[in-house]
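> To start, I am sharing the structure in question, which I have written as C-alpha cells.
Laboratory data are not the source of any read-out in this text; all were calculated from the coordinates shown. These numbers were taken from a predicted model, which means no experiment stands behind them. Cβ placement follows ideal geometry from the backbone for every residue including glycine, while neighbour counts extend to all protein chains displayed.
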Amino acid sequence: MVQGRGSAMAVATLLLCMAVLLHLEVAHAATYNVGGPSGWTFNVANWPKGKRFRAGDILVFTYNPAAHNVVSVNSAGYIACSAPRGAKSYSSGKDQIKLVKGQNFFLCSFPGHCQAGMKIAVNAL
C-alpha cells in the first residue's frame with residue numbers, strides 16, 4: 001500500500017514539474033512594439049539592434065493602414081526592398097507577428113517606404 005502512495009506522489013511531482021516547465025517556456029515569450037513609441041514608421045531599420053529576440057516572441061506593428069503595411073519577406077526581398085509574389089502581407093495597423101527561429105525580415109511595400117528605412121531584420125534564437 002505504501003508503494004501505491006509513492007507512485008502517486010511521483011506522478012503528481014512529475015506532472016507539477018512538467019506544468020512549471022511549460023509555464024517557464026511560455027513566460028520567455030516577449031512582446032515588442034516595433035519602432036518603440038513612434039511605431040512602424042520611417043528609419044526603423046536599426047530598431048532591433050541591442051535587443052535579444054527568441055522564437056515565439058511577438059512583434060507588434062502599429063501604423064496607419066492607409067499609409068503603410070507590413071510584408072514578411074526573405075533576405076533577397078529585404079535587400080532589394082521588394083516583396084516577392086506570394087509574400088505574407090499585413091494591413092490591419094495593429095499587426096501581431098510571432099517570430100520564427102532564425103532570420104525574420106519585414107518591410108513596408110508602399111513605394112519608397114522600404115528605401116526610406118521602413119524595414120527590419122530580426123534574428124530570433
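> Which value in Å does the Kirkwood hydrodynamic radius of region 29-124 take, with 1/r averaged over all unlike C-alpha pairs and then inverted? Walk me through the numbers on the way to the answer.
Details: mean 1/r = 0.0769 Å⁻¹.
13.0 Å is the Kirkwood radius here.
> Related question: What is the calculated FRET efficiency for Ala80 to Arg54, with r their C-beta to C-beta distance and R₀ = 35 Å, to the nearest 0.05?
FRET efficiency, Ala80 to Arg54: 0.80.
> Provide the packing ranking of 35-44, 64-73, i.e. peptides ordered by the mean count of other C-beta atoms within 10 Å per residue, highest first. Walk me through the numbers before you get to the answer.
Values: 35-44: 16.1, 64-73: 17.6.
Sorting 35-44, 64-73 by mean packing, highest first, produces 64-73, 35-44.
> Can you pull the one-decimal nm distance between simple spin-label points at Gln96 and Asn46, each 7 Å off the Cα toward Cβ?
3.1 nm
> Determine, for each peptide in 115-124, 50-59, 83-92, the mean count of other beta carbons within 10 angstrom over its residues, then list the peptides with the highest first. Intermediate values should be presented prior to the final figure.
Values: 115-124: 17.7, 50-59: 14.1, 83-92: 12.4.
Per-residue mean Cβ counts within 10 Å order the peptides as 115-124, 50-59, 83-92.
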